[in-house]
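Structure, as structure tokens:
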Amino acid sequence: MSLKKTKDQLVKLLGQTDNNVIALSGKWGTGKTHLWNEVKDESGDENIKKALYLSLFGLSSVDQGRWRGLHRCHRSRRLSVDWQRQEKACSRAALG
């Protein structure tokens, strides 16, 4: 699939409200992160602008992905001081 077709498909998927997680997969260096940043920057949708990006590169377990997602939530200030109360909601947002 060409980069243009992939971008068009990603924009279409982002417009569907029932999508909580979208995964981009492919070989290293093929432009996945660049594509995501481009779509996010060009979007006028605040939900897309606030979406978390989570790279799973180098991870070897689901638990590592979970903690990386929680870290991203915390860094983006979506996780308040009340860590335990919001951990469940934030991990759902980060990992679906």
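FYI, it's all coordinate maths here, none of it is from the lab. Note that the structure is a prediction, hence the values are computed from the model and not measured.
Quick notes
- Between residue 53 and residue 20, residue separation times 0.36 nm minus the direct Cα-Cα distance comes to 10.7 nm.
- Partner lysines whose Cα lies under 22 Å from the Cα of residue 32, excluding those fewer than 8 positions away in the same chain, are identified as 4, 5, 7, 12, 40, 49, 50.
- With coordinates expressed along the principal axes, the C-alpha atoms belonging to segment 1-51 extend over 28, 20, 16 Å, beginning with the largest.
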